[in-house]
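Quick notes on the structure that follows.
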Amino acid sequence: MSVTPLRLGVNIDHVATVRNARGGDYPDPVRAAELAAAAGADGITAHLREDRRHITDEDIRRLAEGLDIPLNLEMAATDEMLSIALRHTPHAACIVPEKREERTTEGGLDAAGGHNHLAPFVAELRNANIRVSLFIEPDPAQVEAAIHLGAPVVEFHTGRFAHLEGEAQAVELRRIADAAALAAKNGIEPHAGHGLTFDNVSPIAAIPQLAELNIGHFLIGEAIFTGLEASVKKMRELMDLAR
Ligand SMILES: CC(=O)[C@@H](O)[C@H](O)COP(=O)(O)O
Ligand SMILES: NCC(=O)COP(=O)(O)O
């Protein structure tokens, strides 16, 4: 079986979280994005939450205009986010579910139940040449829904995998691998992300159909101790070793 090259997308949301703790402009997520690119990131991911708790509209403008590597904008399926995406035309847009009160993205999008709501978002983003991705659970029904929606990419939510251990984690890993195989067989490029760390990335990176991992919170946390360059480089090495 052929093994797809695996890209690393570095999510810089939580550089903005630290900046926003003091309300100024330091540390700058765009500087973090440039450092991550220099350290080997293949792309940058940023989630413009509806409540703007970390990344801001101005961050997205600067990332979209200034980056030398592709930007993946994570966005809820709302008219406001769609108009921001269409204004800045990032390389990719990943539609994610969002709840105002959640601490982080708790699960995947219900692409099956939300078909009628999601269809115009997928169509408009595609018409603007933005590579649309749906952030879904590794569930065959959700992959089928992504196929019907015409999404070229899905990203599997690995948060559940990240929190499980032992046999339960092995079962979840199998689900992710099966979902990735189903997506690839149907011409959809599978990605994965959420909650990935140095300790749990290897079995995910070993899934041959996966083309991209998006990793943020852990890398930014680790950067406090070792620097961003070292944390990105080590993640890149672990991904390459697992392949
Ligand atoms: C969709 C997703 O998984 C990322 O956006 C990640 O969750 C970082 O953002 P939050 O920590 O705000 O959820
Ligand atoms: N889509 C997942 C992502 O961008 C990063 O998630 P996390 O590593 O911050 O949990």
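Which of F225, F121 comes first, and how do the rest follow, when ranked by fewest Cβ neighbours within 10 Å? Before the final figure, lay out each step's value.
Details: F225 8, F121 24.
With the fewest neighbours first, F225, F121 line up as F225, F121.
Working out 0.36 nm times the residue gap between E237 and D178, then minus their Cα-Cα distance, what length gain in nm do you get to one decimal?
Numbers: separation 59, 0.36 × 59 = 21.24 nm, distance 2.48 nm.
Contour length minus Cα-Cα distance gives 18.8 nm.
In what sequence, highest mean first, do 137-149, 166-178 appear when ranked by Cβ atoms within 10 angstrom? Present the calculation step by step, with values, prior to reporting the outcome.
Numbers: 137-149: 19.5, 166-178: 14.5.
Top of the packing list down: 137-149, 166-178.
List, in order, the whole-Hz ³J(HN,Hα) value for each residue of region 140-148 obtained from phi through the Karplus relation with A = 6.51, B = -1.76, C = 1.60 and θ = phi - 60°; use x for Gly and Pro.
These are the phi-based 3J(HN,Hα) values: x, 5, 6, 5, 4, 5, 5, 4, 5 Hz.
As a footprinting exposure proxy, order K185, K234 by other Cβ within 10 Å, with the fewest listed first.
Values: K185 10, K234 16.
Ascending Cβ contact count within 10 Å gives the list K185, K234.
Explain nothing, just compute: Karplus ³J(HN,Hα) = 6.51 cos²θ - 1.76 cosθ + 1.60, θ = phi - 60°, for every residue of region 104-117 in order, whole Hz, x for Gly and Pro.
8, 5, 7, x, x, 5, 8, 5, 6, x, x, 3, 5, 6
Which of the aspartates and glutamates could a cross-linker bridge to K234, judged by Cα under 15 Å and excluding same-chain residues fewer than eight apart?
D42, D199, E222
What is the fewest-to-most order of S231, S133, S83 by other Cβ atoms lying within 10 Å of their Cβ? Present the calculation step by step, with values, prior to reporting the outcome.
Details: S231 23, S133 27, S83 11.
Ordered from fewest to most neighbouring Cβ atoms within 10 Å, S231, S133, S83 come out as S83, S231, S133.
Ordered by residue, what ³J(HN,Hα) values in Hz, to whole numbers, does region 79-88 give under the Karplus form 6.51 cos²θ - 1.76 cosθ + 1.60, where θ = phi - 60° and Gly and Pro are x?
Once θ is set to phi - 60°, the couplings for region 79-88 become 4, 4, 5, 4, 5, 5, 4, 5, 5, 9 Hz.
Any chance you could run the full-extension gain for D79 through V171? It's 0.36 nm times the residue separation minus the Cα-Cα distance, nm to one decimal. The partial results should precede the final answer.
Numbers: separation 92, 0.36 × 92 = 33.12 nm, distance 3.73 nm.
Answer, rounded to one decimal: 29.4 nm.
E189's amide H: which non-local residues (gap 5+, or another chain) put their own amide H closer than 5 Å, with H modeled 1.01 Å from N in plane and none for Pro or chain starts?
Amide H neighbours of E189, under 5 Å, 5+ apart: V153, V154.
What residues qualify as long-range amide H neighbours of E74, i.e. H under 5 Å apart, gap of 5 or more or another chain, H built at 1.01 Å from N?
Those lying under 5 Å, H to H, from E74 are A46, H47, L48, C94.
GNM, the chain, Cα, under 10 Å: largest mean-square fluctuation among H115, H194, H217?
H115
So how far apart, in nm, are the two label points at H148 and L164 if each is 7 Å from Cα heading toward Cβ?
With each label placed 7 Å out from Cα toward Cβ, I get 2.6 nm.
Calculated from DSSP H runs of 4 or more alone, at -39500 (n - 2.57) each and per residue, what is the 222 nm mean residue ellipticity of the chain, nearest 500?
Details: 11 runs with 116 residues, N = 243.
It comes out at -14500 deg cm²/dmol, rounded to the nearest 500.
Quick check: residue separation of E102 and A123 times 0.36 nm, minus the Cα distance between them. What number comes out in nm? If you can, show how the numbers build up before the last one.
Working: separation 21, 0.36 × 21 = 7.56 nm, distance 2.79 nm.
Stretched out fully, the E102 to A123 stretch lengthens by 4.8 nm.
Bear in mind that the values in this text are calculations on the coordinates, not laboratory data. Not measured: the values here are computed from a predicted model. Cβ sites come from the backbone with ideal geometry, for glycine too, and all protein chains shown count toward neighbours.
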